[in-house]
1. Expressed as cubic angstrom per residue, what is the convex hull volume of the alpha carbon set of the range 75-139?
2. Which order do 79, 63 take by accessible area at a 1.4 Å probe, largest first?
3. With every protein chain left in place and a probe of 1.4 Å, what is the accessible surface of residue 34, to the nearest 10 Å²?
4. For n ≥ 4 DSSP H runs only, could you compute -39500 (n - 2.57) per run for the chain, divide by its residues and tell me the 222 nm figure to the nearest 500?
5. How would you classify the range 153-194 from its alpha-carbon gyration tensor, with a ≥ b ≥ c the square roots of the eigenvalues: rounded for a/c under 1.5, else prolate if a/b is greater than b/c, otherwise oblate?
6. Which one, 143, 41, 57, has the greatest fluctuation when you compute a Gaussian network model over the chain with C-alpha springs under 10 angstrom?
7. Kindly report the accessible area of the chain per residue (heavy atoms of protein chains, probe 1.4 Å, no ligands, DNA or RNA), in Å².
8. In degrees between 0 and 90, to the nearest 10, how far off the longest principal axis of the chain does helix 94-114 point, with axes built from Cα atoms?
Amino acid sequence: MNDTPAITLEQLRSQLTDDQRAILNAIWEHYEKETGDKRWIRTRLLHHRFGATGSTIVPTALKQLGGSYAYEQGYGADKLYQLTLLGVLLTDQGREAAELLARYLEHVQERFSSDPNVQQVKDAEVETALGLTKEKSRFLRHILSLSRFYAGGGFGETWYALVPDDVDELPSVQDFRAYVQARALERLDPNLPF
């Protein structure tokens with residue numbers, strides 16, 4: 001049994017340094033604004049945004065956080081910084097993202113309760129059920145694609161998501177906000193290297 005006290009997203013947010021917060025926000029803001037295959041920010045572009053010492057400040061701050069929040073991928077000119085769902089939930093839009101995921105999962109649970117054969121949900125259905133604008137639907141699509149709250153899907157201009165493999169467990173969830181937080185924190189490993 002693990003005797004480590006549980007930590008919350010709010011506690012993790014409060015532990016971020018100003019540099020870490022700014023870096024996570026910059027990575028996410030870039031991702032949210034970009035389109036196409038290369039949404040994540042190139043490492044050198046992010047370094048440049050943080051000035052003359054950006055090539056030192058950015059990797060140092062991200063290494064201090066560890067791989068549970070962000071990681072590098074690629075090589076050379078195509079090396080990118082990418083956030084995990086936990087990293088996104090610590091950005092300035094993190095509370096909104098967690099709330100939107102909770103509402104989405106409530107909808108999936110309702111769909112499953114009324115039709116246990118449900119296989120997928122589509123953007124138009126979710127937009128109507130949750131009262132989302134196209135912009136908020138796009139935001140949900142982005143955070144959903146980083147999560148484990150779907151079993152596959154298509155995430156283009158229009159999107160659909162296959163219901164999660166554990167959809168049959170959702171009816172027992174009493175608090176979807178707490179559920180989203182708990183699931184995001186499952187991947188927290190302070191020893192996971194950046």
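1. Details: hull volume 8.8 nm³, N = 65.
With only Cα atoms used, the range 75-139 gives 136 Å³ per residue.
2. 63, 79
3. The accessible area of residue 34 comes to roughly 70 Å².
4. -15000 deg cm²/dmol
5. Since a/c reaches 1.5 but b/c is at least a/b, the shape of the range 153-194 is classed as oblate.
6. Largest GNM mean-square fluctuation: 57.
7. Values: 10380 Å² over 194 residues.
With the other protein chains kept in place, the chain gives 53 Å² per residue.
8. Between helix and principal axis, roughly 20 degrees.
The values are calculated or read from the model by the stated rules, or taken from the named source; none is laboratory data. Remember, predicted model here, so these are calculated numbers, not experimental data. A quick note on method: Cβ atoms are made from the backbone with ideal geometry, for glycine too, and the neighbour counts reach across all protein chains shown. Each accessible area value is taken on the protein alone, full model and side chains, heavy atoms only, with ligands, DNA and RNA left out. Shrake-Rupley method; radii C 1.70, N 1.55, O 1.52, S 1.80 Å.
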